[in-house]
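What follows is a single structure, written as structure tokens, with notes after it.
Where a number appears in this text, it was derived from the coordinates with a stated rule and is not lab data. Owing to the predicted nature of the structure, the values given are computational and were not obtained by experimental measurement. Using ideal geometry, Cβ is built from the backbone for each residue, glycine included, and neighbour counts are taken over all protein chains shown.
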Amino acid sequence: MILPGATLGILGGGQLGRMTALAARELGYRIVVLDPDPECSARGVVDRVIVGAFTDADAAAQLARASDVVTYEIEKIGPSALAAVQTSTPLRPGPHVLAVVQDRLVQKEWLTAHGVPVGPFRAADSPAALAAAARALGPCRAKSRRGGYDGRSQYQLTPAALAEGVDRAAERAWQAVGAAPCVVEAELDLAAELSVMIARTPAGAIALFPPARNWHVDGILDLSVLPGELPPDAAAQALEHTRAMSDAFALEGLLAVEWFVTRDGAVSVNELAPRPHNTFHTTRLACATSQFEQLVRAVCELPLGDTTAVRPVALANLFGDLWQNGTPRFERALELPGLQLHLYGKKPRPGRKVGHLLASGTSAAAALAVVAEARARLAKS
């Protein structure tokens, strides 16, 4: 066990690192982060920021020497930096998990090999291959194999675009994903989107959070509620597969899995994230143990916390667009009973995620109504 009083190192000082650091500090740990930005979100709540790129092996080695265990809040860590950490300090989750997650094609092939359902897909390494994939799949979405999140480096090939010419649509998609190898996924007829999170210790103890139900706009999470009102069979399948994946990885830490549910009740994985996840910020209010505390417990080999949901809690993301006409009138939103405001200390700009709202309710629908009303009040300021 790595007991309170020790130092937790985090690769990444964004909002997830910030919230993990706050949970770790409450448990009595010291925290050091590595981030390219000296003014990163976590700066004000950690003991030290080591400034360096996520590919900087020397900076990563410095982080490792200052830490008793290291975890991460972002996937884009270079292999040399991961190796540098492991020379002196446990890295949890291990780099083998990131090797699967960092490449969408490798991820889908790993899932398929382990019997986890995924939607129809094709790999494409040229505009011609992308066009061939679109002809085989029909309406689809091209996604860069590496990088990209919140809808970035993606392009939707709609029925209308394909009707105008598959080759032309494929060329636009190829440019949108950076003219680089990509994965082409068939568009599914979705009934719901959900996510599951599991925590696993190095000794193999596990704890699953209740599934969250999610709503996206333009590929970016807009609303989420936990526990989500979901088809029971689909939720059970997602939980069972997520448990199996954590064992297959010999996971040490957290794994979040985004799932699609089609109208015929089938489930398939959208993507994996071995770190805290936007859809489980609700655990700070819904569960006895938040995802951030659970990460600290897992990587430090402490007993895992209770994940029972004691109340429905909804989340609404806040984007920099709200600041276009000046500082939003947060007091208008905070007038609503049970509302919590969380800001990340990030400079607002359009499309950038800079905070979120949380609210509990007597039901999922009631909690969602509160955060929607609160965000609407901010938008009117």
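Calculate the dipole size of the stretch 159-258 relative to its Cα centre from +1 charges on Lys and Arg beta carbons and -1 charges on Asp and Glu beta carbons; express the result in debye to the nearest 20. Present the calculation step by step, with values, prior to reporting the outcome.
Working: 5 positive and 15 negative charges, 67 e Å.
Dipole of the stretch 159-258, to the nearest 20 debye: 320 debye.
If one computes the Cα centroid of the stretch 126-184 and of the stretch 7-78, what distance in Å separates the two points?
35
How large are Rg and Dmax for the stretch 120-186 when only the alpha carbon atoms are used, in Å?
10.1, 29
For the stretch 190-379, what is the relative contact order in percent, using Cα pairs closer than 8 Å and at least 6 residues apart in sequence? Can you show the working numbers first?
Details: 437 pairs, mean separation 40.8, N = 190.
Averaging sequence separation for qualifying contacts and normalising by length gives 21 percent for the stretch 190-379.
Given bins 5 angstrom wide, list per bin the percent of all Cα-Cα distances in the stretch 7-91, short to long.
The distribution over the stretch 7-91 is 3, 19, 31, 27, 15, 4, 0, given as percents.
Just order 300-309, 208-217 by mean Cβ neighbour count inside 10 Å, highest at the front, would you? Show your work: numbers first, answer last.
Details: 300-309: 16.3, 208-217: 20.7.
Final packing ranking: 208-217, 300-309.
To the nearest 20 debye, what charge dipole does the chain have about its Cα centre, counting +1 at the Cβ of each Lys and Arg and -1 at the Cβ of each Asp and Glu?
Working: 37 positive and 38 negative charges, 154 e Å.
Once rounded to the nearest 20, the dipole reads 740 debye.
Debye sum, Cα scatterers, the chain, no solvent: what log₁₀ I/I(0) at q = 0.11, 0.13, 0.14 1/Å?
-0.80, -1.14, -1.31
For the stretch 123-257, report the convex hull volume of the alpha-carbon atoms normalised per residue, in Å³, without decimals.
Details: hull volume 16.8 nm³, N = 135.
Output value, Cα hull per residue: 124 Å³.
Tally Lys/Arg at +1 and Asp/Glu at -1 over every other residue whose Cβ is under 10 Å from the Cβ of residue 49; what's the total?
My count for the surroundings of residue 49 gives -2.
For the stretch 190-379, with only Lys/Arg (+1) and Asp/Glu (-1) charged at the beta-carbon, what is the dipole magnitude about the Cα centre, in debye rounded to 20?
Details: 17 positive and 18 negative charges, 152 e Å.
Value, rounded to 20: 720 debye.
Quick one: Cα centre-to-centre distance for the stretch 310-381 and the stretch 260-303, in angstrom?
21
For the stretch 190-379, count all C-alpha to C-alpha pairs, find those more than 27 Å apart, and express that count as a whole percent of the total.
Working: 5252 of 17955 pairs.
Roughly 29 percent, rounded to a whole number.
Among 330, 89, 119, flag the residue with its Cα farthest along the positive direction of the charge dipole of the chain, charges on Cβ as +1 for Lys/Arg and -1 for Asp/Glu.
It is 330.
Take the Cα atoms of the stretch 219-320, find their three principal axes, and give me the spread along each one in whole Å, biggest first.
41, 36, 29
How high is the relative contact order of the stretch 1-101, in percent, with contacts defined as C-alpha pairs under 8 Å that are six or more residues apart? Don't skip to the answer; put the middle values down first.
Details: 214 pairs, mean separation 28.0, N = 101.
Relative contact order comes out at 28 percent.
Could you work out the relative contact order of the chain? I mean the mean sequence separation of Cα pairs under 8 Å and 6+ apart, divided by the number of residues, in percent.
Numbers: 892 pairs, mean separation 50.7, N = 381.
Over the chain, the number comes to 13 percent.
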